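Below: one structure, written as structure tokens.
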Amino acid sequence: MHTDETRRGAIEMSLAMLMSGTIGWLVVSSGQTPFNVVFFRCVFGGATLFAACAVLGMLRRRFFSWRMLLLVALGSVAIVGNWLLLFAAYSRASISMATTVYNTQPFMLVALGVLVLRERVSISTIAWLGIAFAGLVMVVRVEPAVLAMPGQYLEGIGYALGAAFLYAISSIVTKRLKGTPPHLIALLHVSLGVIMLSPFVRFDQLPVVASGWIELVVLGVVNTGLMYVLLYGAIQKLPTAMTGALSFIYPVVAIVVDWIAFGQRLAWLQVAGAALILLAAAGVNLGWRIVPARRAAAN
């Protein structure tokens, strides 16, 4: 039976994934390089998170320790690297294939949860994750044209796999910070991101129209500041397997946003895949069993 804390975590994770589904649209519309996009995401997100932490009284000394700062620094490297690699993969392996490969991260997360946190994963949870990934493969179309550039294609696959692994690492590190306010974790992550990325920003290629800046501000304030408060709060409340399953909501939202913003209509196979993803997320969230408890006990 799920506790009230788990239910709150599931709601927070779902909202964060809804926001995450619009990130690709904002990134593409901004017309900026990955380094520029991630840098300004950190700048505007950091300003939002600093205000939230100041108002909520989370900038006090008692929240800080050397262990906490070291873990946050490791998490910051992982999450900033995750953003950079994923955005770079889009232009090399196509958005479709990069998204498919990147969404192997829930499986990496579950594996790290077993190896690092000694969490137990039920047979039903593994089955739900398999169903969700099958639905993801149905949702994301792979364009044959990418195979004409095998060098870039393989490079993009490597970037997407690296992004997935770094996301899983960041999630595991965040779970080690239980007791630290998620607002503060997110603030330190993006603040360190500003420092790490500042030497690589192309200031000669900044947006020249207001809409480009609006997209970067929204990406930082809403899709980073607010989203990561929700996401980190959820990760601290949820079992790793449930976190992985609910993350499959993100690609469904991305497909819908792509349809609304760019007129990309869903084929029947994609609709069926989206239904499988949502079914799997519900299955893990509500504790539905695929393998009966008696059979699991007998095995």
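Laid out as a table, the results:
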{"read-out": "Hits in region 221-272 (condition: under 17 Å from residue 27 (Cα atoms) and in contact with a Gly (Cβ under 6 Å, 6 or more places away or on another chain))", "value": "224, 225, 250, 253, 254, 257"}
{"read-out": "Those residues of region 97-134 which are of a type outside the set (Gly, Ala, Ser), farther than 16 Å from residue 248 by Cβ and surrounded by 22 or more Cβ atoms within 10 Å (Cβ to Cβ), in sequence order", "value": "97"}
{"read-out": "Considering residues of region 254-299 that are among the basic types (Lys, Arg) and assigned to a helix (DSSP H, G or I) only, the residue modelled with the highest pLDDT", "value": "294"}
{"read-out": "Restricting region 210-225 to residues that are in contact with a Phe, Trp or Tyr (Cβ under 8 Å, 6 or more places away or on another chain) and small (Gly, Ala, Ser), the residue that is modelled with the lowest pLDDT", "value": "225"}
{"read-out": "Some residue of region 194-204 being under 20 Å from residue 84 (Cα atoms) and of a type in the set (Lys, Arg)", "value": "yes"}
{"read-out": "Helices (runs of 4 or more DSSP H) enclosed by region 19-116 - at least 3 residues per element that are among the aromatic types (Phe, Trp, Tyr)", "value": "34-55, 66-102"}
{"read-out": "Close pairs from region 148-171: first under 19 Å from residue 38 (Cα atoms), partner at pLDDT below 85 and among the charged types (D, E, K, R), Cβ under 9 Å, at least 6 apart", "value": "156/92; 159/92; 160/92"}
{"read-out": "Sole residue being modelled with pLDDT under 80, hydrophobic (A, V, I, L, M, F, W, C), part of a helix (DSSP H, G or I) and out of contact with any Gly (no Cβ under 8 Å at 6 or more places or on another chain), chosen from 145, 132, 168, 160", "value": "145"}
{"read-out": "Test: residue in region 196-209 that is modelled with pLDDT of 95 or more, surrounded by fewer than 23 Cβ atoms within 10 Å (Cβ to Cβ), in contact with a Gly (Cβ under 7 Å, 6 or more places away or on another chain) and closer than 17 Å to residue 73 by Cβ", "value": "no"}
{"read-out": "Conditions (1) buried (at least 24 other Cβ atoms within 10 Å of the Cβ); (2) at pLDDT below 90: number failed by residue 236", "value": "(1)"}
{"read-out": "Selection within region 230-274 - within 24 Å of residue 127 (Cα to Cα), free of Cβ contacts under 8 Å to residues at least 60 places away in the same chain and of a type in the set (Phe, Trp, Tyr)", "value": "268"}
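For every residue, the table says whether it meets (1) in contact with a Gly (Cβ under 8 Å, 6 or more places away or on another chain); (2) of a type outside the set (A, V, I, L, M); (3) modelled with pLDDT of 90 or more.
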position	(1), (2), (3)
54	no, no, yes
61	no, yes, no
74	no, no, yes
78	no, no, yes
98	yes, no, no
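The values are calculated or read from the model by the stated rules, or taken from the named source; none is laboratory data. Since the model is a prediction, treat every value here as computed from it, not as a measurement. Ideal geometry is used to build each Cβ from the backbone, glycine not excepted, and the neighbour counts take in all protein chains shown.
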